[in-house]
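Some notes on the structure that comes next.
What follows is calculated from the coordinates using simple rules that are stated; it is not laboratory data. Given the structure is predicted, the values throughout are model-derived calculations rather than measurements. Note: ideal-geometry Cβ built from the backbone for every residue, glycine included; neighbour counts use all protein chains shown.
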Amino acid sequence: MRVEKQILTKEYIGRLNASPFFIVVGYTGLKVDHFTTLRKSLNKTGAEVHVVKNSIFRVAAKEAGVADLADTLTGQIAVVTGQKDVSAAAKSLKSFAADNDKLKIKFGYLNNNRMEKADLMTLADLPSIEVLRSKILGVINAPATKLAVLLNTPASQLARVIKAKSELPA
């Protein structure tokens, strides 16, 4: 392998080792300005997209210990990696693919587990991490709120009875 290809391979090995996920997309026919829009959209979610040669990525994935991608890499591919939320990246890709039919989501890996396109679309449909956290907090907080209401009910009923008694004509 030429020195340039070895350098690129090492760069992709580093990206794969630093990212808990990667998503492979086909971009045949996608224009540069659309690809730039995709890059900006993914950057907002903490992810990056890089065009990569199949043979270099195949070697990098194998050396990074992800998987043997021998038969799955065909056509022009780009790889999405990131440090943050895979769901946000998948959501961004799904949104972009809905507007631009040239982008084809192929497959991905999350913590060395292969995810097909359907799995990635399911991830894209999940609510954001902030929404999930607020729902969990609501579930945790609900019993305490009900207990406080339950404990206050007898006292408030007694206060209403006393008030009604005091308002009766003597």
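Computed over the Cα atoms of region 57-170, what is the convex hull's projected area averaged over all directions, in nm²?
Computed as one quarter of the Cα hull surface, the answer is 12.8 nm².
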Stretched out fully, how many nm does the piece from Arg133 to Asn111 gain, at 0.36 nm a residue minus the Cα gap? 5.7 nm
For a quick protection proxy, order the peptides 131-137, 98-104 by their average other-Cβ count within 10 Å, most packed first. 98-104, 131-137
Which pairs, out of Lys31/Lys104; Lys91/Lys117; Lys62/Lys84; Lys62/Lys102; Lys5/Lys84, put more than 20 Å between their alpha-carbon atoms? Lys62/Lys84; Lys62/Lys102; Lys5/Lys84
Mind telling me which of Ala148, Ala47, Ala18 comes out most flexible in a GNM of the chain, alpha-carbon contacts under 10 Å? Ala148
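Pop out the Kirkwood hydrodynamic radius of region 127-170 from its pairwise C-alpha distances, inverse of mean 1/r, in Å to one decimal.
On the way: mean 1/r = 0.0752 Å⁻¹.
Mean inverse Cα-Cα distance, inverted, gives 13.3 Å.
Taking the square root of 5 times each eigenvalue of the Cα gyration tensor, what semi-axes in Å does the equivalent ellipsoid of region 57-105 have, largest first? Let's see the in-between values first.
Details: eigenvalues 106, 49, 9 Å².
Equivalent ellipsoid of region 57-105: 23, 16, 7 Å, largest first.
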According to the Cα gyration tensor, what semi-axes, each the square root of 5 times an eigenvalue, does the equivalent ellipsoid of region 3-126 have, listed from largest to smallest in whole Å? 21, 16, 14
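Given a Förster radius of 22 Å and the C-beta distance between Lys62 and Lys84 as r, what FRET efficiency does 1/(1 + (r/R0)^6) yield to the nearest 0.05? Provide the component values of the computation, followed by the final result.
Numbers: r = 26 Å, r/R0 = 1.17.
With R0 = 22 Å, the Cβ-Cβ based efficiency is 0.30.
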Label-to-label distance, nm, for residues given as Lys165 and Asp99 (7 Å Cα→Cβ offset): 6.9
